[in-house]
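Trainee: One structure, pasted below without further comment.
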Amino acid sequence: MGYELISKVIPSVTGGLFDFNLVGEVVDSLLISPATVLAEYIRQELLMTDPADSSDWPLYISYFPDVKTEMGAIYDTTGIKLGRHMDGEVIQEYGIQIKISSDVHNDGWAKLEAINAELDTIINEEISIDDEDYVIRFVTRNGPPIYLGVEDGTKKRKLFISNCVINLYRI
């Protein structure tokens, strides 16, 4: 059954309660890490900045430098394999961890809460990076921010993390 037919059958059978939208042709592999895609989304929403801009609240990808206090990093972590279609397509969600540091406890907490609130609103958001298009279907957080305490070797750099999984694909 083609996607065009499915997109007409599902709403009619469910009385319009459920809809079916395919946001483009799904391509099998990502060319960049899911953390890079989500970092671009967070920066586009002006919640964090690109470190190259030398602005407040830079967001680094896959490392946490010791350059300033009010900053963040996003990492690829263990995801979840949900299954495989009969045609061989693997359905999976990629693991992500977002880490925030701040001298002021409530500022770090508030920054991560703002990011989490934005992630909860994602529904089929298209992101373009280096002439490639990606769609973030959704992000599922594991819970609220976690306070890790003061970073070792510092006197006041407080660390917060949030763990989630992201469902995305390249079109």
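The values are calculated or read from the model by the stated rules, or taken from the named source; none is laboratory data. All values derive from a computational prediction rather than experimental measurement. Glycine also receives a Cβ, built like all others from the backbone with ideal geometry; neighbour counts cover every protein chain displayed.
Trainee: Among the residues of the stretch 82-100, what is the count of those that are over 14 Å from TYR41 (Cβ atoms), of a type outside the set (A, V, I, L, M, F, W, C) and at pLDDT 95 or above?
Mentor: Total meeting the criteria: 3.
Trainee: So, GLY24, is that one outside any helix (DSSP H, G or I) and modelled with pLDDT under 55 or not?
Mentor: Criteria met by GLY24.
Trainee: So, one more: Kindly indicate whether any position in the stretch 67-87 is basic (Lys, Arg), in contact with a Ser or Thr (Cβ under 9 Å, 6 or more places away or on another chain) and touching a residue at least 40 places away in the same chain (Cβ under 8 Å).
Mentor: Checked the stretch 67-87: no residue is basic (Lys, Arg), in contact with a Ser or Thr (Cβ under 9 Å, 6 or more places away or on another chain) and touching a residue at least 40 places away in the same chain (Cβ under 8 Å).
Trainee: Next question, about the same structure. Are there any pairs with C-beta distances below 9 angstrom linking a residue in the stretch 146-165 that is on the phi > 0 side of the Ramachandran plot to a residue that is in a strand (DSSP E or B) and surrounded by 15 or more Cβ atoms within 10 Å (Cβ to Cβ), with the two at least 6 apart or on different chains, and if so which?
Mentor: Pairs found: GLY149/LYS158; GLY149/LEU159.
Trainee: Of everything in the stretch 120-171 that's hydrophobic (A, V, I, L, M, F, W, C) and closer than 16 Å to GLU70 by Cα, which residue is modelled with the lowest pLDDT?
Mentor: Looking at residues that are hydrophobic (A, V, I, L, M, F, W, C) and closer than 16 Å to GLU70 by Cα, I get VAL150.
Trainee: Of the conditions (1) out of contact with any Gly (no Cβ under 7 Å at 6 or more places or on another chain); (2) buried (at least 17 other Cβ atoms within 10 Å of the Cβ); (3) of a type in the set (Ser, Thr, Tyr), SER102 satisfies every one except a single condition; which number is it?
Mentor: So the condition that SER102 fails would be (1).
Trainee: If ALA117 meets every condition in (1) buried (at least 19 other Cβ atoms within 10 Å of the Cβ); (2) over 21 Å from THR69 (Cα atoms); (3) modelled with pLDDT of 95 or more apart from one, which number is that one?
Mentor: All conditions are met except number (1).
Trainee: Going residue by residue through the stretch 107-122, is there one that turns out to be farther than 21 Å from PRO144 by Cβ and either in a loop (DSSP other than H, G, I, E, B) or within 12 Å of the chain's Cα centre (by Cα) (or both)?
Mentor: no
Trainee: Quick one: how many residues across the stretch 44-69 are buried (at least 16 other Cβ atoms within 10 Å of the Cβ) and within 21 Å of ALA117 (Cβ to Cβ)?
Mentor: Within the stretch 44-69, residues that are buried (at least 16 other Cβ atoms within 10 Å of the Cβ) and within 21 Å of ALA117 (Cβ to Cβ) number 6.
Trainee: TYR147: of a type in the set (Phe, Trp, Tyr) and surrounded by 17 or more Cβ atoms within 10 Å (Cβ to Cβ), yes or no?
Mentor: no
Residue-by-condition table, conditions (1) under 23 Å from THR78 (Cα atoms); (2) among the acidic types (Asp, Glu):
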position	(1), (2)
LYS99	yes, no
GLY108	no, no
GLU113	yes, yes
ILE122	yes, no
ILE127	yes, no
ASP131	no, yes
ILE136	yes, no
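Trainee: State which residue is surrounded by the most Cβ atoms within 10 Å (Cβ to Cβ) when the search covers only the stretch 70-97 and only residues that are of a type outside the set (Gly, Ala, Ser) and under 13 Å from THR140 (Cα atoms).
Mentor: Ranking the qualifying residues of the stretch 70-97, first place goes to ILE96.
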